[in-house]
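Below: the structure, in structure tokens.
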Amino acid sequence: MMPLERLCCQNSKCAMYGRRGAENLSVCGWIDRRRTIRQLYCRLCKARFSERKGTPLYNAKLPAGKVVAILDHVREGCGVRQTGRLVGVSKNTANRYILLAGSHAKALHDELVAFSP
């Protein structure tokens, strides 16, 4: 599990939106029965959300291991059809997660470039 210092409030109306390490988040419960996905609570705006919100794994129907396997195969240069065959999902499912991860990576890149000299 990711430490809370690396997470931020996902409520766009919150004053602490997007600020990591602000110590405004706490764990208030679990999203799933296996207790693997935490539900977070922002003390400032009182919003509750999944720790996966804002990531490609948010609302994922596949297990996290399969999504990571899809992205690993693409990173190694496999095509969408080949990735789908290797992981055991349809090419449309593989493509959906690739597009989600791509948009997330672009947003993360833009955030990190804003802080670089």
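The values are calculated or read from the model by the stated rules, or taken from the named source; none is laboratory data. Worth saying up front: this structure is predicted, and the values here are computed from it rather than measured. Every residue, glycine among them, receives a Cβ derived from its backbone with ideal geometry; neighbour counts consider all protein chains shown.
Considering segment 31-82 alone, what residues qualify as being in contact (Cβ under 8 Å) with a residue 24 or more places away in the chain, assigned to a loop (DSSP other than H, G, I, E, B) and more than 25 Å from Tyr17 (Cα to Cα)? Matches in segment 31-82: Leu62 only. Residue check: Thr36 meets all listed conditions (1) surrounded by fewer than 18 Cβ atoms within 10 Å (Cβ to Cβ); (2) within 30 Å of Ser90 (Cβ to Cβ); (3) touching a strand residue (DSSP E or B) at 6+ places or on another chain (Cβ under 6 Å) but one, namely (3). Looking at Arg48, Arg75, just one residue is more than 26 Å from Cys14 (Cβ to Cβ) and either basic (Lys, Arg) or assigned by TED's automatic domain parsing to the domain that holds Gly21 (or both), and that residue is Arg75. Taking segment 1-26 as the range and being under 11 Å from Tyr41 (Cβ atoms) and over 17 Å from the mean Cα position of the chain (by Cα) as the test, the residues that pass are Asn24, Ser26.
When segment 64-84 is filtered for residues that are more than 18 Å from Met1 (Cα to Cα) and surrounded by fewer than 15 Cβ atoms within 10 Å (Cβ to Cβ), the ones remaining, listed by number, are Asp72, Arg75, Glu76, Gly77, Gly79, Arg81, Gln82. Scanning segment 8-30 for residues that are in a loop (DSSP other than H, G, I, E, B) and in contact with a Lys or Arg (Cβ under 7 Å, 6 or more places away or on another chain) yields a count of 4.
Just to be sure, is Lys61 surrounded by fewer than 13 Cβ atoms within 10 Å (Cβ to Cβ) and either at pLDDT below 90 or in contact with a Cys (Cβ under 8 Å, 6 or more places away or on another chain) (or both)? Outline the logic, then answer.
On the way: surrounded by fewer than 13 Cβ atoms within 10 Å (Cβ to Cβ): yes; either at pLDDT below 90 or in contact with a Cys (Cβ under 8 Å, 6 or more places away or on another chain) (or both): yes.
Yes; evaluated as a whole, the condition is true for this residue.
Taken together, the residues in segment 49-74 that are among the charged types (D, E, K, R) and closer than 14 Å to Ile98 by Cα amount to 2. A search for C-beta distances below 6 Å between a residue of segment 1-21 that is touching a residue at least 40 places away in the same chain (Cβ under 8 Å) and of a type outside the set (A, V, I, L, M, F, W, C) and any residue that is surrounded by fewer than 18 Cβ atoms within 10 Å (Cβ to Cβ) and not in a helix (DSSP H, G or I), counting only pairs 6+ apart in sequence or on different chains, returns Gln10/Lys53; Gln10/Gly54.
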